[in-house]
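S.K.: Sharing a structure with you now.
The values are calculated or read from the model by the stated rules, or taken from the named source; none is laboratory data. Being a predicted model, the structure only gives us computed values, none of them experimental. Every residue, glycine among them, receives a Cβ derived from its backbone with ideal geometry; neighbour counts consider all protein chains shown. We work out accessible area using only protein heavy atoms, side chains counted, and drop any ligands, DNA or RNA first. Shrake-Rupley method; radii C 1.70, N 1.55, O 1.52, S 1.80 Å.
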Amino acid sequence: MFTKSSKLLREIKKLFPDILAISHDIHQRPELGNQEYYARERITGYLARMGWRIEKNIASLPTAFVAYRGNRSGPCLGYVAEYDALPEIGHGCGHNLICAASVGAAVALSRVVADLPGEIRILGTPAEETTGGKVAMLQKGFFNDLSAVMMFHPGVSNVVNFGSLALEALEIVFHGKMGHAAVDYAARGDTLEALLQFFFWVKGWKKTLPELCQVQGIIKDGGSVPNIRPAKTVARFYLRAPDEETLDGLVLRFREEACKIAQFTGTKVEINTFENRYQPFKSNETLAKVFVQTLRRLNVNCSSKHCQGTGSMDMGNVSHLLPAIHPYLTLEGGPGMLHTAEFARAAGGKWGDDLLLLAVQALALTGLEVMTNEGLRKRIREEHQQKESPKGLTISL
Ligand SMILES: [Zn+2]
């Protein structure tokens, strides 16, 4: 094992300039979810040159891909690559580092374990910030047969054993009567009035919610000019809860109140989901511990204690079907909060470059353990099966 680890670290050193270039190039060309054509081509072009088999245009997602190396006769290990950016601030979530780290780890590992039976797979999963590409890819079976799946995310602290919240994305539309705002002001069917009443209700409702439950909303269409009463108004909300049962309760209450307000204001209300539902992320603790031990070998101190986050992610859906980890890593002198312009700058600068090297090493060394240690794979699978009963999906040992 020691020899293979050293060989792996040497391989990473050799490959790293190419991996760094992928990170920088994608950072300089930020693309929103489902529009990440440059990122997809930049990554798959590199992987094709390295001899990987690639599938594109999958799961009705134009910018998704899957890359394979090896064969299915042994353990299969998945690395997730996210590459979407945010409006206005570009790579403020550092997804250029995520995809580069997964590609670097997978390619280095494939070169060290090339003689072993088994498969390494890179899953190019678009639109993490919006529609959640992983959900469609899961449904179409692209995660099937994996012993485990992993990625890293740049963050504000080192948190390996992480949990996220379930999320429902709801769009609410009030339909009513268009009219002259100065003449018809007392008439029923005022959609803006209905929407504002709903927002006021949400403001009070939020204060009564149990711990870790959240509601956030924005007005998407509140009319065009002040002297026309809009025929419809539209708002979008994210509802979050620590588990899906609680989330279902929130959704029900949300719908009930919207119907009440519609009745009261003489409007009609329509409520639909506008993005995939995200399940809460459940870290595989056995795999998380291996990642923590790997970090320690790389002289990074980190605990394997569970930490409950307040965000949501489509890796949550993956973790319900497969053993998965989603560690957050940082380095001294980090830029602070994600989704800021400072974070975007750091993700393309020296801090991001140094973090990328650590992430590639930690992901690759952890992957080496998974690929070569049958007992570990068995423990990972047993933990997963005790927690979940996967539906229609196979896990390979
Ligand atoms: Zn992110």
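S.K.: Once you place label points 7 Å from the Cα toward the Cβ at His175 and Glu382, how far apart are they in nm?
M.R.: Those two pseudo-labels are separated by 5.7 nm.
S.K.: Compute the length gained on full extension between Phe200 and Arg72: take 0.36 nm times their separation in residues and subtract their Cα-Cα distance, giving the result in nm to one decimal.
M.R.: 40.6 nm
S.K.: Could you tell me how many degrees, from 0 to 90 and to the nearest 10, lie between the Cα long axis of helix 374-387 and the main elongation axis, the longest principal axis, of the Cα atoms of the chain?
M.R.: 20 degrees
S.K.: Continuing with this model, one more query. How about Lys134: which lysines have a C-alpha closer than 27 Å to its C-alpha, ignoring those fewer than 8 places off in the same chain?
M.R.: Lys56, Lys220, Lys282, Lys289, Lys305, Lys378, Lys387, Lys391
S.K.: For the chain, report the translational diffusion coefficient in µm²/s to the nearest whole number, using Stokes-Einstein at 37 °C, 0.692 mPa s, and a Kirkwood Rh over Cα pairs.
M.R.: For these conditions, the coefficient is 147 µm²/s.
S.K.: If you line up the long axis of helix 285-297 against the longest principal axis of the chain, both from Cα atoms, how many degrees apart are they, to the nearest 10?
M.R.: 60 degrees
S.K.: Nothing charged except the Cβ atoms of Lys and Arg (+1) and of Asp and Glu (-1): what's the magnitude of the dipole of the chain about its Cα centre? Round to the nearest 20 debye.
M.R.: Magnitude of the dipole: close to 660 debye.
S.K.: Further question: For the stretch 166-273, what is the relative contact order in percent, using Cα pairs closer than 8 Å and at least 6 residues apart in sequence?
M.R.: Relative contact order, the stretch 166-273: 46 percent.
S.K.: Ignoring any ligand, DNA or RNA, what whole percent of the accessible area of the stretch 166-273 comes from carbon and sulfur when the probe is 1.4 angstrom?
M.R.: 57 percent
S.K.: Compare the peptides 95-107, 63-75 by average per-residue count of other Cβ atoms within 10 angstrom and give them in order, highest first.
M.R.: The peptides rank, most packed first, as 95-107, 63-75.
S.K.: Could you give the length gained by full extension between Asn373 and Leu252, i.e. 0.36 nm per residue of separation minus their alpha carbon distance, to one decimal place?
M.R.: Here the segment from Asn373 to Leu252 would lengthen by 38.9 nm.
S.K.: Could you check the spin-label model distance between Gln214 and Gln139? Points 7 Å from the Cα along Cα→Cβ, value in nm.
M.R.: So the two model labels end up 2.6 nm from each other.
S.K.: Taking the chain as the reference, fit the longest principal axis to its C-alpha atoms, fit the long axis of helix 350-372 to the helix C-alpha atoms, and give the angle between the two in degrees, 0 to 90, nearest 10.
M.R.: Approximately 70 degrees, to the nearest ten.
S.K.: Excluding ligands, DNA and RNA, what is the solvent-accessible area per residue of the chain at a probe of 1.4 Å, expressed in Å²?
M.R.: Roughly 43 Å² per residue, with all protein chains present.
S.K.: How big is D for the stretch 166-273, in µm² s⁻¹ as a whole number, if Stokes-Einstein is applied with the Kirkwood radius of its Cα pairs at 25 °C and 0.890 mPa s?
M.R.: 173 µm²/s
S.K.: Whole-Å semi-axes of the stretch 255-397's equivalent ellipsoid, largest first, each the root of 5 times a Cα gyration tensor eigenvalue?
M.R.: Its equivalent ellipsoid spans semi-axes of 36, 25, 12 Å.
S.K.: As a check on your grasp of the helix formula, calculate [θ] at 222 nm for the chain: sum -39500 (n - 2.57) over DSSP H runs of n ≥ 4, divide by the residue count, round to the nearest 500.
M.R.: Theoretical 222 nm ellipticity from helices: -14000 deg cm²/dmol.
S.K.: Can you sort Ile54, Ile19 by 1.4 Å-probe accessible area, starting with the largest?
M.R.: From most exposed to least exposed: Ile54, Ile19.
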